[in-house]
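Student: Can you keep this structure in mind? I'll have questions shortly.
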């Protein structure tokens, strides 16, 4: 075997709560898992400054700190955690053959996919500048921090409508910004939004800039500049938080045409399972879950994937 070729019983692609939890369980089952962390080691949570809804952290914790804790726990049981990413994989035969950006070729008896999903962003510079300091792509994760405050959310589909109604239960006012004069959401979700007293629709507008403070007691959002798509007029909405709800993109490009996926690109798994359409390949976390998208549910599915991989390898 070439020095660039290696073998593993279990290859975990991607990190984050799903990947690290899968690694912990797989390592404790003596599978000696190998993990490639991907472009964003630790996943989406590394961009979150405060996490208060993950069990076991009574005082809350930071996203990067939590991911470092999970990584250390995985390494404690001898998971081979590696920087870099898998760039190609052949799932047509076993062992599965994966190629990494470091030149390694990995022969894997089983594969756990935990590559997650990436939030779609508007692409304005100030959006990334205040990401984690008042800008968020997850109302369920971060809405609590804006209890009693004014926030804005951009989007017009079911996800945006659902997150707007969720925020409305916590916040004083929710501005819902949409570039058209009607929502794309289902009729039921539209009805909820339009009949919620503290949701104010900002029709025919697009966000131009997130504004805020960078000095003093810390960086924070104070407003969002929006523009009327018809007249071109601009105005500033005074808000403490800005939520982007224009969708997510699952990180599944390298598995395209190999695994069964839905029309959005999420990997399909069998009911009550992490089994994919190919024997020996398992999917966990946001790469196969577009409903909950929570750290704790991702961790749970990572546990499931490792247990199912171990059982499958032993069968």
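The values are calculated or read from the model by the stated rules, or taken from the named source; none is laboratory data. If you're wondering where the values come from, they're calculated on a predicted model, not measured in any experiment. Note that each Cβ is placed from the backbone with ideal geometry, even for glycine, and that neighbours are counted across all protein chains shown.
Student: So residue 289 ticks every box in (1) over 26 Å from residue 42 (Cβ atoms); (2) not in a helix (DSSP H, G or I) but one. Which box is left unticked?
Tutor: Against the list (1) over 26 Å from residue 42 (Cβ atoms); (2) not in a helix (DSSP H, G or I), residue 289 comes up short only on (1).
Student: For residue 294, state whether it is outside the structural domain of residue 201 (by TED's automatic domain parsing) and at pLDDT below 95.
Tutor: For residue 294, the condition - outside the structural domain of residue 201 (by TED's automatic domain parsing) and at pLDDT below 95 - is met.
Student: When you scan the stretch 90-192 for strands (runs of 3 or more DSSP E) that lie fully inside it, which ones turn up with 1 or more residues that are over 30 Å from residue 12 (Cα atoms), outside the structural domain of residue 51 (by TED's automatic domain parsing) and out of contact with any helix residue (DSSP H, G or I) (no Cβ under 9 Å at 6 or more places or on another chain)?
Tutor: Strands (runs of 3 or more DSSP E) meeting the threshold: 150-154, 173-177.
Student: Cβ-Cβ under 7 Å, sequence separation 6+ or interchain: first residue in the stretch 142-170 and farther than 21 Å from residue 247 by Cα, partner modelled with pLDDT under 95 and part of a helix (DSSP H, G or I). Which pairs?
Tutor: Once the first residue is farther than 21 Å from residue 247 by Cα and sits in the stretch 142-170, its partners that are modelled with pLDDT under 95 and part of a helix (DSSP H, G or I) give 170/143; 170/144.
Student: Within the stretch 83-114, work out how many residues are under 19 Å from residue 39 (Cα atoms) and buried (at least 17 other Cβ atoms within 10 Å of the Cβ).
Tutor: Summing the residues that are under 19 Å from residue 39 (Cα atoms) and buried (at least 17 other Cβ atoms within 10 Å of the Cβ) in the stretch 83-114 gives 11.
Student: Of the numbered conditions (1) touching a residue at least 40 places away in the same chain (Cβ under 8 Å); (2) buried (at least 18 other Cβ atoms within 10 Å of the Cβ); (3) over 18 Å from the mean Cα position of the chain (by Cα), residue 229 fails exactly one; give the number of that condition.
Tutor: Only one criterion in (1) touching a residue at least 40 places away in the same chain (Cβ under 8 Å); (2) buried (at least 18 other Cβ atoms within 10 Å of the Cβ); (3) over 18 Å from the mean Cα position of the chain (by Cα) is unmet by residue 229, namely (2).
Student: Taking the conditions exactly as written (part of a loop (DSSP other than H, G, I, E, B), more than 22 Å from the chain's Cα centre (by Cα) and either in contact (Cβ under 8 Å) with a residue 12 or more places away in the chain or under 30 Å from residue 88 (Cβ atoms) (or both)), does residue 307 satisfy them or not?
Tutor: no
Student: Could you list all residues from the stretch 77-103 that are more than 24 Å from residue 25 (Cβ to Cβ) and touching a strand residue (DSSP E or B) at 6+ places or on another chain (Cβ under 9 Å)?
Tutor: Correct list: 87, 88, 90, 97, 99, 101, 102.
Student: So, of the residues in the stretch 175-191 that are out of contact with any strand residue (DSSP E or B) (no Cβ under 6 Å at 6 or more places or on another chain) and crowded, with 17+ Cβ neighbours inside 10 Å, which turns out to be farthest from residue 233 (Cα to Cα)?
Tutor: Ranking the qualifying residues of the stretch 175-191, first place goes to 189.
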